[in-house]
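Here is the structure we will look at, set down as structure tokens.
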Amino acid sequence: MALHQYQTGDTAVVARPAALGDFQTAIDVRGIRILADEPVEVGGDGLGPTPYELLSAALAACTSMTLRMYARRKGWVLPPFSVSVTHAIVPDGGDGRPRDRFNRYIAFEKTIDPEQRLKLLEIADKCPVHRTLMRGFVIATDLGPPVSLPPGEPPVQHERDVERAYAEQG
């Protein structure tokens with residue numbers, strides 16, 4: 001089992017060019033390695049997800065986790081489901097500037113109660129990654145030798161964020 005980021009001394013997700021290809025990038029997270037790449041049609045080797053696919057995956061995974069946690073707290077038994085997310089750039093976001101658009105689709109294998117359906121759609125918007133993307137963020141960038149970054153958030157933080165969203169629902 002992989003250690004948590006705050007237990008390893010690895011204080012960040014780290015990306016490094018991989019040995020092969022122009023775009024292949026090795027991403028290390030808590031001792032787990034993920035390979036990112038670009039599709040063949042844009043000069044990559046197609047051996048891993050693109051950065052936007054990884055960002056879409058974060059939203060899909062967080063949504064799935066949030067829905068399952070909420071349903072468990074409510075005592076609901078949900079049928080199997082999947083969360084699909086795609087990313088696109090919308091040429092005009094209404095203010096003349098392009099905007100990023102994530103299209104999220106939650107598919108249940110069986111019909112669910114209409115009231116549950118509405119509530120789960122509402123709860124999907126409460127997932128912490130969704131909230132992060134919607135409220136915006138600051139990215140601070142520096143150049144130079146490797147530095148010690150502050151530790152990542154503890155793994156229980158995601159659950160705390162979901163619990164907070166749950167409590168807001170009353």
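Rule-based calculations on the coordinates, nothing more; no lab input. Given the structure is predicted, the values throughout are model-derived calculations rather than measurements. We place every Cβ from the backbone using ideal geometry, glycine too, and count neighbours over all the protein chains shown.
Just a few scattered comments:
- Taking a ≥ b ≥ c as the square roots of the eigenvalues of the alpha-carbon gyration tensor, region 5-104 is classed oblate because a/c is 1.5 or more while a/b is no larger than b/c.
- Computed on region 8-54, the Cα convex hull volume stands at 66 Å³ per residue.
- Shown here are the Rg and Dmax of the Cα trace of region 83-123, at 14.6, 41 Å.
- Region 1-135 - percent relative contact order, Cα under 8 Å, separation 6 or more: 15 percent
- Neighbour net charge for residue 79 - beta-carbon separation under 13 angstrom, K R +1, D E -1: +1
- Comparing Cα centroids, region 28-51 and region 57-86 end up 25 angstrom apart.
- At R0 = 22 Å, FRET efficiency that the Cβ-Cβ distance of residue 99 and residue 57 yields, to 0.05: 0.60
- Applying the criteria of a DSSP loop state and at most 15 other Cβ atoms within 10 Å to the GluC sites (Glu not before Pro) of region 30-120 yields 109.
- Simple spin-label estimate for residue 26 and residue 164 gives 3.6 nm between the two label positions (7 Å along the Cα-to-Cβ direction from each Cα).
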